[in-house]
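**Student:** Below is the structure I would like to discuss, written out as structure tokens.
Derivation of every value follows stated rules applied to the coordinates shown; laboratory data play no part. Only a predicted model underlies this, so the values are computations on that prediction, with no experimental measurement involved. Heads up, the Cβs are rebuilt from the backbone with ideal geometry, glycines too, and the neighbour counts pull from every protein chain shown.
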Amino acid sequence: MTYDDDNVFAKILRGKIPARKVLETEHSLAFHDISEQAPTHVLVIPKGRYVAFDDFAANASDAEIVDFMRAAGRVASDAGVAPSGGGEGFRVIANAGKDAVQEVPHFHLHVLGGRWLGRMLQKAEG
């Protein structure tokens with residue numbers, strides 16, 4: 001998968017598409033997912049051109065990585081779902097590539113919470 005400068009998140013970062021922003025830092029942007037799967041469903045994206053988690057982990061600067069991880073943690077805390085702040089819990093998901101059904105070729109985390117989320121995966125049959 002190669003980076004596509006016309007992907008929806010790149011357009012959001014350039015201000016071409018509006019987003020309901022939750023948090024913006026030097027290296028990261030967090031906003032509400034338009035297809036919410038839970039009462040709290042926020043996407044956290046780096047501002048840099050990274051396709052997936054492995055690309056980000058290998059190529060982002062230390063400052064970008066620290067900023068991004070702290071932004072994701074702050075989103076959970078500010079949303080009231082973080083157990084350290086009295087919340088009932090949350091899940092962080094990063095889909096990478098075709099088998100994980102990554103729909104947008106820009107690395108992003110889904111921060112989900114606000115209800116019981118069930119088991120993460122079911123055992124594969126066969």
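**Student:** If only one of VAL101, VAL81, VAL66 is closer than 21 Å to GLU24 by Cβ and loosely packed, with under 14 Cβ neighbours inside 10 Å, which one is it?
**Tutor:** VAL66
**Student:** So which residues in region 33-51 are under 15 Å from GLU64 (Cβ atoms) and either among the β-branched types (Val, Ile, Thr) or without any contact (Cβ under 8 Å) to a residue 60 or more places away in the chain (or both)?
**Tutor:** VAL44, ILE45, LYS47, GLY48, ARG49, TYR50, VAL51
**Student:** Can you tell me how many residues in region 107-122 are assigned to a loop (DSSP other than H, G, I, E, B) and touching a Lys or Arg at 6+ places or on another chain (Cβ under 8 Å)?
**Tutor:** Qualifying residue count, region 107-122: 2.
**Student:** Could you tell me how many of the residues in region 27-46 are within 12 Å of the chain's Cα centre (by Cα) and among the charged types (D, E, K, R)?
**Tutor:** Summing the residues that are within 12 Å of the chain's Cα centre (by Cα) and among the charged types (D, E, K, R) in region 27-46 gives 1.
**Student:** A further question on this structure: Of the residues that sit in region 84-98 and are in contact with a Gly (Cβ under 8 Å, 6 or more places away or on another chain) and at positive phi, which one is surrounded by the most Cβ atoms within 10 Å (Cβ to Cβ)?
**Tutor:** Only one residue tops the list, namely GLY89.
**Student:** Say whether the condition of being in contact with a Lys or Arg (Cβ under 9 Å, 6 or more places away or on another chain) and within 16 Å of ALA94 (Cβ to Cβ) is met by at least one residue in region 17-29.
**Tutor:** Yes, region 17-29 contains at least one residue that is in contact with a Lys or Arg (Cβ under 9 Å, 6 or more places away or on another chain) and within 16 Å of ALA94 (Cβ to Cβ).
**Student:** Right, something else. For region 7-22, name all the residues that are under 13 Å from GLU103 (Cα atoms) and more than 17 Å from the chain's Cα centre (by Cα).
**Tutor:** None - no residue of region 7-22 is under 13 Å from GLU103 (Cα atoms) and more than 17 Å from the chain's Cα centre (by Cα), so the list stays empty.
**Student:** Does GLY73 count as on the phi > 0 side of the Ramachandran plot and out of contact with any His (no Cβ under 8 Å at 6 or more places or on another chain)?
**Tutor:** Criteria not met by GLY73.
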